[in-house]
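Peer 1: My structure is below; once you've seen it, I'll send some questions.
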Amino acid sequence: MFRTLVAAAFVALTASTAPCLAAESNMKNLTFDLSSVTRANFYDVVVPAAKAEGGSVTMYNFAGSFGDAWKELIRRYEEKYGIKVEYSDVKGDQANQQLIAVQAAGQDAPVDVYFAGGGGYPLLSAKGVVGNIPLTKILPNFDHYDPILSDTVFGVAHGGSFPLVHLNQTAIGYDSAMVEAADVPDNFQALIAWAEKNPKKLGITAPAKGGSGSGFLYSLALDLMTGDCKAKLTDRSLTREDAKAWALTSPCVEPVWDYYRRLQAAAELTNGNADTLNLINNRQLAMGTVWEDQAVTFINGKQLPDTFRVTLLDKGQVSSGDAMFVPANAKHVASALLLIDLAMSKDFQLWKLENKASRSPRTDVSSDQLPADKTIYMLPSSVFPQRSVTADWDMAGGLGDALYEKVLN
């Protein structure tokens, strides 16, 4: 638990200053008193510290489709602070294991800012990789941050050290040239009825192959379960293995299996998020499970027809997100803080929403602020955010594992 942050006098820094470890922080290479930093004095303390660090700041990005967004952020950062960013696209699992190994060896981290999958926090924090910095409490551009996300990620407490900087939303996507407006399903039962009326024109991403599929599975379970069953489904203390064991034996989950048996007969189970979109683009499918932001990326790349639209089913579909954090053994902590702060600025978050359909954790950023021609392919305000529900990827993963044993195999 972080102690209360109080304002303190700025400590002059030089390149030769010995590292100063703030109380209750696991940061190895601090050159300033972290406990003195507040939103009010953040720039006064951190900008000189970043300049004194010298060199550059290193950033990892686990999401290949986000490269153009980070290129824009880096352009703004280098222009504003004159600090160069060394940027690398990485595979999330491999980068996680690299950081875990480096942390265990007590070595300096190879990265200062890591854009990582939101579901990675339990593993990375348990291994001591996540720097104990209350980012959401001290970075000025987090002043309008969602208060729930300020301390938790998917229901797990992080104390401000692992903030989501990008939110995404699973949805039902369809080609409006192939599906009449009156026929667009509004709930899960209408969706399966549409699939049975239009065989093999609905694509459901396989849960093991993409988040739009595992998100759909968890959303379906939320829709079908009530009472004690739903309480178990939403128990955040369950691991993926716990969830699988429950799903394999509990009668609570039988309605979900029945639904998927009908889907297996009427719909196509696709091999990934992109596969679903490609099949819609090729008119082999008329409708499918999608990520809103990925669909917009495909449309911008002319990989989907301009008649493509998205919607949410009435009981809600899963939303998710990804985080930026500073590893505990980062070498350029002050520079990293400035980069994460800029990533959460209102201007950049609006740019990201307009160009990537990347939803923002800022409470003062929404698609209502964008020109109408920029929102035509995004979820309409009639369904978002009121039909958005928070992901539980451990439960979704356990349900998916059980689904393959109970139904798909």
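Peer 1: Connecting C-alpha atoms closer than 10 Å in a GNM of the chain, tell me which of R75, R39, R240 has the biggest fluctuation.
Peer 2: Fluctuation is largest for R75.
Peer 1: How many percent of DSSP beta bridges within the chain run antiparallel, rounded to 5? Each step should come with its number before you reach the end.
Peer 2: Details: 23 of 40 bridges.
Of those bridges, close to 60 percent are antiparallel.
Peer 1: Looking at region 310-351, what % of the alpha carbon pairs are farther apart than 14 Å? Mind showing how you got there, number by number?
Peer 2: Working: 553 of 861 pairs.
Pairs farther apart than 14 Å: 64 percent.
Peer 1: Please work out whether region 200-335 counts as rounded, prolate or oblate from its C-alpha gyration tensor, where a ≥ b ≥ c are the square roots of the eigenvalues and a/c under 1.5 means rounded, while otherwise a/b larger than b/c means prolate and anything else oblate?
Peer 2: Oblate, because a/c is 1.5 or more while a/b does not exceed b/c.
Peer 1: Taking the alpha-carbon centroid of each part, what is the distance from region 110-185 to region 233-256 in angstrom?
Peer 2: 24
Peer 1: Mind jotting down the distance between the C-alpha centroids of region 283-337 and region 342-409, whole Å?
Peer 2: Value for the Cα centre distance between the two parts: 6 Å.
Peer 1: Based on DSSP loop calls and a cut-off of at most 16 other Cβ atoms within 10 Å, the longest stretch of the chain free of exposed GluC sites (Glu not before Pro) is what?
Peer 2: On the way: sites that count: E24, E180.
Answer from the scan: 181-409.
Peer 1: With respect to the cross-link table entries K201/K302; K51/K91; K80/K356; K127/K406; K127/K209, which display a Cα-Cα separation exceeding 25 Å? Don't skip to the end; give the middle numbers.
Peer 2: Numbers: K201/K302 21 Å; K51/K91 30 Å; K80/K356 23 Å; K127/K406 34 Å; K127/K209 27 Å.
Table pairs above 25 Å Cα-Cα are K51/K91; K127/K406; K127/K209.
Peer 1: Could I have the simple spin-label model distance between Q303 and D368, label points 7 Å from Cα toward Cβ, reported in nm to one decimal?
Peer 2: Here the modelled spin labels are 3.3 nm apart.
Peer 1: Take peptides 363-371, 186-194 and line them up by average Cβ neighbours within 10 Å, highest first, as a rough protection proxy. Can you show the working numbers first?
Peer 2: Working: 363-371: 13.4, 186-194: 16.6.
Top to bottom by mean Cβ count within 10 Å: 186-194, 363-371.
Peer 1: Let me ask something else about it. Summing Lys, Arg as +1 and Asp, Glu as -1, what charge do residues with Cβ under 14 Å from the Cβ of F308 carry, F308 excluded?
Peer 2: Values: positive: R283, K302, R309; negative: D175, E292, D293, D306.
Neighbourhood net charge equals -1.
Peer 1: Taking R0 as 35 Å, what FRET efficiency do you get between N355 and K200 from their Cβ-Cβ distance, rounded to the nearest 0.05? Don't skip to the answer; put the middle values down first.
Peer 2: On the way: r = 34 Å, r/R0 = 0.98.
Efficiency at R0 = 35 Å is approximately 0.55.
Peer 1: Where does helix 240-249 land angle-wise versus the long Cα axis of the chain, in degrees 0 to 90, nearest 10?
Peer 2: 20
Peer 1: Also: Cβ under 10 Å from E268's Cβ, E268 left aside: what net charge do those residues give with Lys, Arg +1 and Asp, Glu -1?
Peer 2: Values: positive: K200, K201; negative: D275.
Combined, the nearby Lys, Arg, Asp and Glu give +1.
Peer 1: To continue, here is another question. With the cut-off at 1.5 for a/c, could you classify region 74-231 from its C-alpha gyration tensor as rounded, prolate or oblate?
Peer 2: On the way: a/c = 2.17, a/b = 1.93, b/c = 1.13.
It comes out prolate by the Cα gyration axes.
Peer 1: Counting Lys and Arg as +1 and Asp and Glu as -1, what is the net charge of the other residues whose Cβ lies under 15 Å from the Cβ of D146? Please list the in-between numbers first.
Peer 2: Working: positive: K137, K346, R359, R362; negative: D143, D151, D322, D364.
Charge balance in the 15 Å sphere: 0.
Peer 1: OK, next. Label region 150-278 by shape, choosing from rounded, prolate and oblate, from the square roots a ≥ b ≥ c of the eigenvalues of the Cα gyration tensor; if a/c is under 1.5 it is rounded, and otherwise prolate applies when a/b is larger than b/c, oblate when it is not. Don't skip to the answer; put the middle values down first.
Peer 2: Working: a/c = 2.08, a/b = 1.39, b/c = 1.50.
Here region 150-278 falls in the oblate category.
Peer 1: Now for a different question. Would you kindly state how much longer the chain becomes between A181 and R240 on full extension, computed as 0.36 nm times their sequence separation minus their alpha carbon distance, in nm to one decimal? Don't jump to the answer; show the numbers that get you there.
Peer 2: Details: separation 59, 0.36 × 59 = 21.24 nm, distance 3.83 nm.
Going from the current span to full extension adds 17.4 nm.
Peer 1: While we're looking at this one, here's another question. Give the whole-number value, in cubic angstrom per residue, of the convex hull volume spanned by the C-alpha atoms of the chain.
Peer 2: On the way: hull volume 55.9 nm³, N = 409.
Value for the chain: 137 Å³ per residue.
Peer 1: Related question: Let me have the relative contact order for region 59-175, percent, based on Cα pairs under 8 Å that are six or more residues apart. List each step's numbers first, then the result.
Peer 2: Values: 113 pairs, mean separation 25.9, N = 117.
Value for region 59-175: 22 percent.
Peer 1: Also, quick follow-up: Specify the angular offset, from 0 to 90 degrees and rounded to the nearest 10, of the alpha carbon long axis of helix 346-356 from the longest principal axis of the alpha carbons in the chain.
Peer 2: The answer is roughly 30 degrees.
Peer 1: For region 324-409, I need the span (max minus min coordinate) of the C-alpha atoms along each principal axis, in Å, sorted largest to smallest.
Peer 2: Over region 324-409, Cα extents along the principal axes are 49, 45, 18 Å.
Peer 1: Counting pairs of Cα atoms in region 286-338, how many percent are more than 15 Å apart? List each step's numbers first, then the result.
Peer 2: Details: 889 of 1378 pairs.
Taking all Cα-Cα pairs of region 286-338, the fraction more than 15 Å apart is 65 percent.
Bear in mind that the values in this text are calculations on the coordinates, not laboratory data. None of these values were measured; they are calculated from a predicted model. Here Cβ is always computed from backbone atoms with ideal geometry, including for glycine, and neighbour counts include all displayed protein chains.
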